[in-house]
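To start, the structure under review is shown below, and the notes come after it.
The values are calculated or read from the model by the stated rules, or taken from the named source; none is laboratory data. Keep in mind it's a predicted model, so treat the numbers as computed, not measured. FYI the Cβ positions are ideal-geometry reconstructions off the backbone, even for glycines, and counts take in every protein chain you see.
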Amino acid sequence: MTRCLAFASFFFFVASLGFVHANAKKDIDKDFRFQGKLTKDDPRDQRRGGPSAAHTVKLKAGKTYTIDMVSSDFDSYLFLEDAKGAQLAEDDDSGGMLNARIMFTPTRDGDYRVVTTTFGVGMGGAYTLTVKASGTASLPSTAHSLMVGKPAPDFSADHAINGKPAKLADMKDKIVLLYFWEVRSSSSAALLPKMAELEKSYKAKGLEIVGITFYPSDISQALAFDAEAGAVKTVKKADRQSDRAMMDEFAKYHKVTHPLMTLPKDDALKTFDAYAVNGLPQVVIIDRKGIVRAIDVAGEKGGATIDAHIKKLLEDK
């Protein structure tokens, strides 16, 4: 979760990696491999809450790099930042199973930071990090591009706001805008006005908007919503019942009127993985026949593109 959250120490350094920890810098001109371990003693990543480590690497403009984080101990999560710490990309499960992968083509030579972390707070263990330079400026097929034109995976929620828990199969003959979100994600909250605009314009014409998320307490996050501040806060204890109350307050504050579905941990893991969720929010547009037509992560393609896809599908009877 998909999965779908900077660390100080590693087990050992593999000689001639060219990929180094902390402030050391080297070019990536061939395949490199680094092995390490994340523990409870490592610094916490503020975005996901788990242990993390930051690594600086010098990349070259025009080359495509594949950054893989693989672990059999925990759900891997990757962030890519520029030298100043601005986030450029993130990924949870694009490497398959619980492994993270980022494909990146720099537009300028320079230093970049790879932050390795975990999807959840209580995770940790051994992992392998690799960086591969393909030498081409064009990206290969991605997990998302391979989904377009194929049937959309179904999901199973056990709680809903603004409606009853439903499956994708229950929305037959509708254009579905499915988006994956998280209550702590400011980018997810920023998407909500756009969702309200789309619902107002197209709901009567056959558009169904559905938000998909998970229970924070399932991954050891104890959260509540502060309605006065309009923000999520950390509390001492939480469970699914308090999670539901918290998300209900969130929806009321943001005046959300479309369905928000919450999935239990196992179902959420399967669903986020099936949709290759590698950043939040992720928007998936599905046609009346249940076929994926477009995927947009964190507004990369822009609201106008989402509008265009919806209009075209609504016109296509």
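Remarks
- Residue list for region 80-102, filter: at pLDDT 90 or above and touching a Ser or Thr at 6+ places or on another chain (Cβ under 7 Å): none
Residue-wise test of (1) of a type in the set (K, R); (2) buried (at least 18 other Cβ atoms within 10 Å of the Cβ); (3) modelled with pLDDT of 95 or more.
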{"residue": "T142", "(1), (2), (3)": "no, no, no"}
{"residue": "L168", "(1), (2), (3)": "no, yes, no"}
{"residue": "K172", "(1), (2), (3)": "yes, no, no"}
{"residue": "E182", "(1), (2), (3)": "no, yes, no"}
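- When we screen S242, S186 for residues that are of a type in the set (G, A, S) and buried (at least 17 other Cβ atoms within 10 Å of the Cβ), the only hit is S242.
- Verdict on D93 being acidic (D, E) and part of a strand (DSSP E or B): no
- Residues that are closer than 30 Å to Y215 by Cα, in a loop (DSSP other than H, G, I, E, B) and at pLDDT 80 or above occur in region 50-58; there is at least one.
- Filter result for K270 (charged (D, E, K, R) and on the phi > 0 side of the Ramachandran plot): no
Per-residue answers, yes or no, for (1) in contact with a Gly (Cβ under 7 Å, 6 or more places away or on another chain); (2) modelled with pLDDT under 95; (3) over 22 Å from G120 (Cα atoms); (4) among the aromatic types (F, W, Y):
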position	(1), (2), (3), (4)
S187	no, yes, no, no
Y215	no, no, no, yes
A231	no, yes, no, no
R244	no, no, no, no
A251	no, no, yes, no
T262	no, no, no, no
